[in-house]
Every structure is written in C-alpha cells, then in structure tokens.
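> Before I ask anything, let me first share the structure, which is written out below as structure tokens.
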Amino acid sequence: MNDLGYDRSRVEMMIIHISENEKVSRNEARRMLHKYVCEGACDWYRTRSKDAGFDRLDLTEKQRRVIEDVIRQIMKNVEVDEAKWRIHNVLCPGHPRPRPKKKMIK
C-alpha cells in the first residue's frame, strides 16, 4: 500500500473513532476532523466555508482533545504537524496545506 492509501485507511479509522466517541454521524466526524486539521490555507476555506457552516472555532476543547488523542493513537510515529498535513491531503485533495518543515533533533 502506498503512503496515500495508508493515510486514507488511517483517516477512515480516525473518522470511525471520532464518530463513536462523540456519538455523531460519520459525515459530522469527518467534518470535525477536517476542521481540526485545516489551517485555512485551502481556497475553499477562505471562499465558501462560512456558507457551508465550516467554522473551525466551533469545536469544543473536549472535541479538540478527543481528535488530537485519536490522531496520536493512530499515527503514533508521526509528528502532529506532519500528521495534520497528511490528514488534510486525504480530506481536502487539491487544496493541501503547506507541508511542515522537519524538526531538527539537537
């Protein structure tokens, strides 16, 4: 399986975990995950997100913690910023956020 296929399967697992944990539909869990990882770099966010009801600020602190915990569990060996970038590439293809720079170990 290539990296994108691997990431897709991981993102699907995250959506299922969020859906079950938050007791929301799969679509709402996907939306929550996208809100968490989206940094507004994609054109959709700037131009049409408000009309679509996509306000990143409406995630509660509890929801943010749940989503971050799910990401850390499922993408254990990946830095959080890199994981967010990879997740966003799956959820919002064609509008990728900038890839984070690798951290230098001192």
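> Can you pick out the pairs among Lys23/Lys102; Lys23/Lys101; Lys76/Lys102; Lys62/Lys102 whose Cα atoms lie more than 25 Å from each other? Intermediate results must be reported in sequence, preceding the final value.
Working: Lys23/Lys102 35 Å; Lys23/Lys101 35 Å; Lys76/Lys102 16 Å; Lys62/Lys102 29 Å.
Violating the 25 Å limit, Cα to Cα: Lys23/Lys102; Lys23/Lys101; Lys62/Lys102.
> Using the beta-carbon distance between Glu22 and Lys102 and R0 = 30 Å, what value does 1/(1 + (r/R0)^6) give for FRET efficiency, to the nearest 0.05? Numbers along the way, then the final one.
Working: r = 32 Å, r/R0 = 1.07.
So the FRET efficiency works out to roughly 0.40.
Every number in this text was worked out from the coordinates using simple rules, so none of it is lab data. Given the structure is predicted, the values throughout are model-derived calculations rather than measurements. In this analysis, Cβ positions are derived from the backbone assuming ideal geometry, glycine residues included, and neighbour counts consider all displayed protein chains.
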